[in-house]
1. Taking segment 328-532 as the region of interest, what is the percent of Cα-Cα pairs per 10 angstrom bin, listed from the shortest bin to the one with the maximum distance?
2. Given R₀ = 51 Å, what would the calculated FRET efficiency be for S485 paired with D258, taking r from the Cβ atoms and rounding to 0.05?
3. Hey, fewest Cβ within 10 Å first, where do T364, T351, T103 land in order?
4. Determine, from the Cβ-Cβ distance of A454 and N418 and an R0 of 45 Å, the FRET efficiency 1/(1 + (r/R0)^6), rounded to the nearest 0.05.
5. Which residues does a label at S519 reach in segment 476-503, if reach means a backbone N under 20 Å from a point 7 Å past the Cα toward the Cβ?
6. Considering the dipole of the chain built from charges on the beta carbon (Lys and Arg +1, Asp and Glu -1) around the Cα centre, which of F520, V254, I60 is farthest to its positive end?
7. For segment 351-434, state which trypsin sites (Lys or Arg not before Pro) are in a DSSP loop and have at most 15 other beta carbons lying within 10 Å of their beta carbon.
8. Say the dipole of segment 310-403 comes from +1 at the beta carbon of Lys and Arg and -1 at that of Asp and Glu; which of V334, S388, C358 then lies farthest toward its positive end?
Amino acid sequence: MKTKQEKKRFSGTYDGPEKKLEIQLKIHHTDRGDKGLRTFPVEAWKKVAGAGRAKIISVISTDALDAYLLSESSLFIWKDKLLMITCGDTSPVMAVPEIISLTGKDRISRIMYVKKINNHTNGKDAGFAKETETLERLFPGKHYHLASHDDNHMHFFNSGRGEADRGSAGITFQIYMHDFDNAVMKGFGNIDTSSAFPSELLPVFNKVIPHMAVDSHMFEPSGFSLNGIHKEQYLTMHVTPGREWSYVSFETNVFIDDYTDVVSGMVSFFKPQRVSVVLSLNGQLRDAASPPVLFRGSDVYSEREKKSVDLDYGGRVLCQNFSRNAPVEIIVRVAEHLFKDSNGSHDWEHTQRVVRMCNKIGKTEGAEMDVLTIAAYLHDIGRCRQDSSNGKICHAAAGSEMAETIIENLDITQEKKNNILHCIKSHRFRGQVIPETTEAKVLFDADKLDAMGAIGVARAYLFAGELGAMLHNPDNNIENTHPYSKDDTGYREYMVKLRKIKDKIMTDEGRRLAEERHSFMDDFFKRFLKEHNGEC
Ligand SMILES: [Fe+2]
Ligand SMILES: [Fe+2]
């Protein structure tokens with residue numbers, strides 16, 4: 001969390017460093033019964049925090065764990081393990097000598113220091129080598145570097161082979177979220193310093209630790225930290241809002257077979273542009289045949305890369321990077337699911353043809369292509385409701401209602417969202433709403449063109465087949481037949497709708513294409529009647 005002064009200093013490129021120090025003590029039989037690290041008074045931990053440029057704000061405890069909430073960081077103390085997580089200028093490495101003065105050097109079995117940075121220096125971080133110099137002199141160890149294509153870098157320093165990580169059950173799971181949603185950000189800044197709890201996240205935290213004790217703090221002028229603990233388990237979240245950069249980190253030592261629900265809950269609240277999930281496995285978990293699933297991705301987030309690194313002491317770090325899909329990409333994925341059980345005449349294939357036609361006409365007509373493409377993908381999502389109500393429900397109206405929720409969280413303006421809904425509402429040939437915007441006119445034309453020409457004829461008979469209609473019924477006056485009945489034949493569709501479409505087309509490019517398709521269709525039905533009458 002930043003003070004006003006620190007924010008000023010970071011007004012340029014912010015590299016968002018997150019640092020983590022883990023210290024594991026040797027486990028002696030003589031320790032049984034005593035509280036190990038937890039025997040040191042709060043005054044001692046104040047000095048440790050101070051040496052790392054942090055200040056203790058509050059503390060909560062269980063029988064196994066003390067969780068200190070610090071300025072810009074958290075400090076967790078188990079009997080035989082210490083974990084300090086910080087961001088910004090706080091430096092946990094500088095706290096090491098103070099920790100050694102408490103424990104003695106020889107009692108430390110392993111030190112691990114991790115720094116995660118997001119910068120534009122190809123991962124070259126002179127600072128990391130410098131920071132670990134003192135550590136290395138005291139505890140010889142090894143450096144590791146995990147880089148990703150989008151300039152996320154994790155630098156590790158590890159010294160020593162850790163004994164069984166009793167405090168952490170051998171696992172640490174982290175979520176790093178960059179550039180989160182502006183509206184969400186407002187909830188974490190410019191409010192009075194006070195404890196606050198984003199209640200929307202409670203169900204997510206409950207998936208990790210139900211019934212946890214919680215300690216949280218809202219910083220002035222912005223930022224938020226939270227520690228949650230139960231027995232030996234912890235979770236911690238730090239939120240750093242900012243217009244040019246923003247960052248959220250989440251970490252827990254709770255083992256879950258599949259963290260997808262937890263990650264999904266976090267990302268649907270913060271809506272970050274980029275997400276990294278990191279799992280550190282120690283001890284016997286390292287070689288587990290099927291390690292936990294970090295995040296399966298979603299319609300909104302796609303995996304960009306997956307990495308793993310084995311550490312010398314026997315640990316393994318798995319990392320996956322995801323980024324938020326572009327609005328159109330998100331809609332393609334959502335829409336495709338919605339057409340899973342649709343009828344052939346108005347299915348995903350029809351939608352894709354309409355999208356292709358929108359692309360052709362839209363560019364000629366100067367339409368806003370993102371609005372048009374999203375509207376095209378969603379235009380018939382209400383069709384199943386019209387079909388199941390035998391035509392009583394208007395699929396354009398129903399579809400626009402459904403789309404409202406789907407596009408609600410897209411990163412596009414409200415004006416564009418309104419236009420998308422208008423396009424869907426007004427695309428129906430028999431509808432009452434007239435297309436008013438260029439995008440709505442193009443979608444109307446593209447959709448109608450798919451009911452014309454060779455495709456139009458094929459779809460008319462496909463639709464008739466779906467209704468169980470006859471191939472042709474010359475005995476009935478078409479004026480007296482009804483839609484959604486056995487008389488709703490392909491020829492009836494041509495007579496009541498398809499042959500009239502060309503005169504309703506709204507754009508120049510649409511009219512040009514419609515002329516050609518109309519004449520093909522006209523020839524087809526002339527021939528159809530002749531063949532039906534046995535004339536040729
Ligand atoms: Fe439609
Ligand atoms: Fe359609």
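Since every read-out is calculated from the coordinates, none of them should be taken as a lab result. What you see is a predicted model, and the numbers here were worked out from it, not measured in a lab. Every residue, glycine among them, receives a Cβ derived from its backbone with ideal geometry; neighbour counts consider all protein chains shown.
1. Bin by bin from 0 Å, the calculated values are 9, 35, 36, 16, 4, 0.
2. Working: r = 50 Å, r/R0 = 0.97.
Calculated value: 0.55.
3. Numbers: T364 13, T351 25, T103 17.
Lowest to highest Cβ neighbour count: T364, T103, T351.
4. Numbers: r = 36 Å, r/R0 = 0.79.
Efficiency at R0 = 45 Å is approximately 0.80.
5. Under cut-off, by backbone N: 498-503.
6. Of F520, V254, I60, it is I60.
7. Values: sites: R353, R356, K360, K363, R383, R385, K392, K416, K417, K425, R428, R430; in loops: K392, R428, R430.
In loop regions of segment 351-434 (DSSP not H, G, I, E or B), the sparsely surrounded trypsin sites (Lys or Arg not before Pro) are K392, R430.
8. Farthest towards the positive pole: S388.
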